[in-house]
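The values are calculated or read from the model by the stated rules, or taken from the named source; none is laboratory data. If you're wondering where the values come from, they're calculated on a predicted model, not measured in any experiment. As a convention, Cβ positions derive from the backbone with ideal geometry for all residues, glycine included, and neighbour counts pool all protein chains shown.
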Amino acid sequence: MANNPPKTRSPKRPASVPPDARWVPDDKEWEQGTIDGKAMQAMLRRQGGQTPGWDLTPREKEVLPLLVKGLTNDEIAERLILSTATVRLHVSNVLMKLHASNRTTAAVIAVENRLV
């Protein structure tokens, strides 16, 4: 007779995780799990999550309208009296917080959500 290893019990998927979201149980604690970023975004949307841009800093809120106007990093830096590297960082943060892959998408999201 073959010596089969004992079967491990799969953790129960929490009811709060949307069915179309990928749920990944925590390795150490099967009772608690984590969900990936896309799943978290889906869950927040279904639970009335925050509007895009809610977490922008005051400086990022100053950069965003200039980005929407189509200014370059150098032009934004000149207007706000910042270094180009600092502006590049703020623009990168804006893109990340708006879940935008480029400046044009960020501008569209900003206008659609009345961030500018």
Within segment 57-90, of all residues that are in contact with a helix residue (DSSP H, G or I) (Cβ under 6 Å, 6 or more places away or on another chain) and β-branched (Val, Ile, Thr), the one surrounded by the fewest Cβ atoms within 10 Å (Cβ to Cβ) is THR84
Residue set LYS38, LYS12, LYS97; condition among the charged types (D, E, K, R), surrounded by 15 or more Cβ atoms within 10 Å (Cβ to Cβ) and modelled with pLDDT under 95; output residue LYS97
Answer yes or no: is there a residue in segment 69-77 that is at pLDDT below 95 and assigned to a loop (DSSP other than H, G, I, E, B). no
